[in-house]
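Enquirer: Below you will find the structure I want to go over with you.
The values are calculated or read from the model by the stated rules, or taken from the named source; none is laboratory data. No experiment lies behind these values; they were computed from the predicted model shown. As a convention, Cβ positions derive from the backbone with ideal geometry for all residues, glycine included, and neighbour counts pool all protein chains shown.
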Amino acid sequence: MKDAFVSVSNLSKTYVSKGETLNVLTGTSFEILEGELICLLGTSGSGKTTTLNILAGIDRPTSGEICYNGHNINEWSLDYLYDYRLKEIGFIFQEFHLLEHLTSLENVMVPLLLNDWKEEDARERAFNLLKQVGLANKAMGLPNELSSGEKQRVCVARAIANNPSLLIADEPTGTLDSKTGDDIMRLLQGISKKNKMTMVYTTHDPYLTKTASRIFVIQKGMIVESNAKNLEEVGYGNIIFGKNDKGEIL
C-alpha cells in the first residue's frame with residue numbers, strides 16, 4: 001500500500017459543557033492516500049464537521065495524532081497551523097461564509113492576498129477561477145445577488161485559489177436543491193482530479209457517495225471504511241448497495 005497522505009491514529013475529541021461530557025470522537029484511526037476522494041458519511045450530529053475541523057487544523061483533538069505528509073500537525077505552533085490552513089487546505093463550507101460586502105471576485109482574491117500575491121496578479125487569478133467554475137459573468141456581483149448554487153461556486157473558486165493539496169468540503173450540497181447539488185459535486189470531482197487534489201467531503205445523503213473513491217462511515221464516535229454491515233446499521237445499505245428479492249444487501 002502507498003504511504004498515507006493523511007494518517008489519523010487514535011483520534012478522540014471530547015467537549016465539556018455545563019458539567020456534562022460529550023465524546024464526539026472515540027479513538028478512531030484511518031488513512032487517506034494522495035489523490036483520493038473520500039466521502040465521510042453519517043447522520044447529523046455524528047461528528048463529521050468536528051473531524052473536518054481537526055483535519056484542517058481549525059480545532060485540536062483531545063488525544064490522538066494527525067499526520068499530514070508525514071508531519072504531526074498537533075505539534076505545530078499556531079503560526080504553522082495558519083500557514084497550513086492558508087497554503088495546503090481549501091475549505092468549502094455548507095453555509096458559504098462569503099464576505100457580504102465584497103464582490104465574487106474580491107471574495108476569491110482574499111486568500112491570495114493573505115498569501116502575499118500582488119493585487120493585480122490576484123485579480124487575474126481570481127477571475128480565471130470564476131471563469132473555471134462558470135461565473136465569469138458574476139465576478140462583480142455581491143453575494144446577495146447570487147443564487148445558492150452560484151454562491152457555492154464562488155466558494156469552490158475561493159477554496160482552490162492557493163492550489164491546496166487537500167480540499168475539504170463540509171456538506172457542500174446541504175443547502176442546495178438536488179440538481180444544483182449534483183452539479184456542484186461533479187464540479188468538485190472534476191477540479192480535484194484536474195488539479196490532483198486530495199478531497200474529503202461530508203454528507204448525510206447516501207446518493208452523494210457515488211463520486212467517492214472510498215466511503216468512511218461515522219457512527220458512535222468511530223470512523224471506519226464502509227461495508228455492507230455498517231452501512232445497513234446507519235440506514236444506508238439498501239440505498240447504496242441495493243437489496244435482492246430476499247431482502248439481502250447486495
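Enquirer: Which one of Phe96, Phe91 is on the phi > 0 side of the Ramachandran plot, among the aromatic types (Phe, Trp, Tyr) and touching a residue at least 12 places away in the same chain (Cβ under 8 Å)?
Expert: Working: Phe91 fails: on the phi > 0 side of the Ramachandran plot.
Sole residue among the options that is on the phi > 0 side of the Ramachandran plot, among the aromatic types (Phe, Trp, Tyr) and touching a residue at least 12 places away in the same chain (Cβ under 8 Å): Phe96.
Enquirer: How about the range 39-65: which of its residues are out of contact with any His (no Cβ under 9 Å at 6 or more places or on another chain), in a strand (DSSP E or B) and buried (at least 20 other Cβ atoms within 10 Å of the Cβ)? Full working, then the answer.
Expert: If we filter the range 39-65 for residues that are out of contact with any His (no Cβ under 9 Å at 6 or more places or on another chain), which is where we start, we get 39-40, 45, 47, 49-65.
Checking which are in a strand (DSSP E or B) leaves us with 39-40, 63-65.
Passing the criteria: Cys39, Leu40.
Enquirer: Only one of Asp79, Asp116, Asp121, Asp83 is farther than 21 Å from Leu176 by Cβ and in a loop (DSSP other than H, G, I, E, B). Can you tell me which?
Expert: On the way: Asp79 fails: in a loop (DSSP other than H, G, I, E, B); Asp121 fails: in a loop (DSSP other than H, G, I, E, B); Asp83 fails: in a loop (DSSP other than H, G, I, E, B).
One residue alone meets the criteria, Asp116.
Enquirer: I'm checking my understanding of the structure. Among residues of the range 124-152 that are modelled with pLDDT of 95 or more, touching an Asp or Glu at 6+ places or on another chain (Cβ under 9 Å) and in a helix (DSSP H, G or I), which one is surrounded by the fewest Cβ atoms within 10 Å (Cβ to Cβ)?
Expert: Here the answer is Asn144.
Enquirer: Hey, does the range 1-8 have a residue that's surrounded by fewer than 16 Cβ atoms within 10 Å (Cβ to Cβ) and touching a Ser or Thr at 6+ places or on another chain (Cβ under 7 Å)?
Expert: Residues of the range 1-8 that are surrounded by fewer than 16 Cβ atoms within 10 Å (Cβ to Cβ), as a first pass: 1-3.
Going one step further and asking which of them are touching a Ser or Thr at 6+ places or on another chain (Cβ under 7 Å), we end up with none.
For the range 1-8, residues surrounded by fewer than 16 Cβ atoms within 10 Å (Cβ to Cβ) and touching a Ser or Thr at 6+ places or on another chain (Cβ under 7 Å): absent.
Enquirer: Inspect the range 70-78 for any residue being under 28 Å from Gly174 (Cα atoms), loosely packed, with under 14 Cβ neighbours inside 10 Å, touching a residue at least 12 places away in the same chain (Cβ under 8 Å) and under 22 Å from the mean Cα position of the chain (by Cα) and give the result as yes or no.
Expert: no
Let's see how each residue does on (1) in contact (Cβ under 8 Å) with a residue 40 or more places away in the chain; (2) under 15 Å from the mean Cα position of the chain (by Cα):
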residue	(1), (2)
Gln152	yes, yes
Val156	yes, yes
Leu167	yes, yes
Asp170	yes, yes
Arg186	no, yes
Asn195	no, no
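Enquirer: Sticking with this one: Can you name every residue in the range 2-37 that is more than 24 Å from Ser165 (Cβ to Cβ), assigned to a strand (DSSP E or B) and either without any contact (Cβ under 8 Å) to a residue 40 or more places away in the chain or under 16 Å from the mean Cα position of the chain (by Cα) (or both)?
Expert: Selection gives Tyr15, Val16, Ser17, Glu20, Thr21, Leu22.
Enquirer: When you go through Leu99, Leu105, Leu86, Leu113 one by one, which is the residue that is closer than 30 Å to Thr14 by Cβ and of a type outside the set (Asp, Glu)? Let's see the steps before the verdict.
Expert: On the way: Leu99 fails: closer than 30 Å to Thr14 by Cβ; Leu105 fails: closer than 30 Å to Thr14 by Cβ; Leu113 fails: closer than 30 Å to Thr14 by Cβ.
The conditions single out Leu86.
Enquirer: Okay, next question. Kindly indicate whether any position in the range 174-193 is buried (at least 21 other Cβ atoms within 10 Å of the Cβ), touching a strand residue (DSSP E or B) at 6+ places or on another chain (Cβ under 8 Å) and over 20 Å from Gly42 (Cβ atoms).
Expert: Checked against the condition, which is being buried (at least 21 other Cβ atoms within 10 Å of the Cβ), touching a strand residue (DSSP E or B) at 6+ places or on another chain (Cβ under 8 Å) and over 20 Å from Gly42 (Cβ atoms), the range 174-193 yields at least one hit.
Here's the yes/no breakdown for (1) closer than 22 Å to Tyr82 by Cα; (2) touching a residue at least 12 places away in the same chain (Cβ under 8 Å):
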{"position": "Asn107", "(1), (2)": "yes, yes"}
{"position": "Asn115", "(1), (2)": "yes, yes"}
{"position": "Asp121", "(1), (2)": "no, no"}
{"position": "Lys138", "(1), (2)": "no, yes"}
{"position": "Asn144", "(1), (2)": "no, yes"}
{"position": "Ser148", "(1), (2)": "no, yes"}
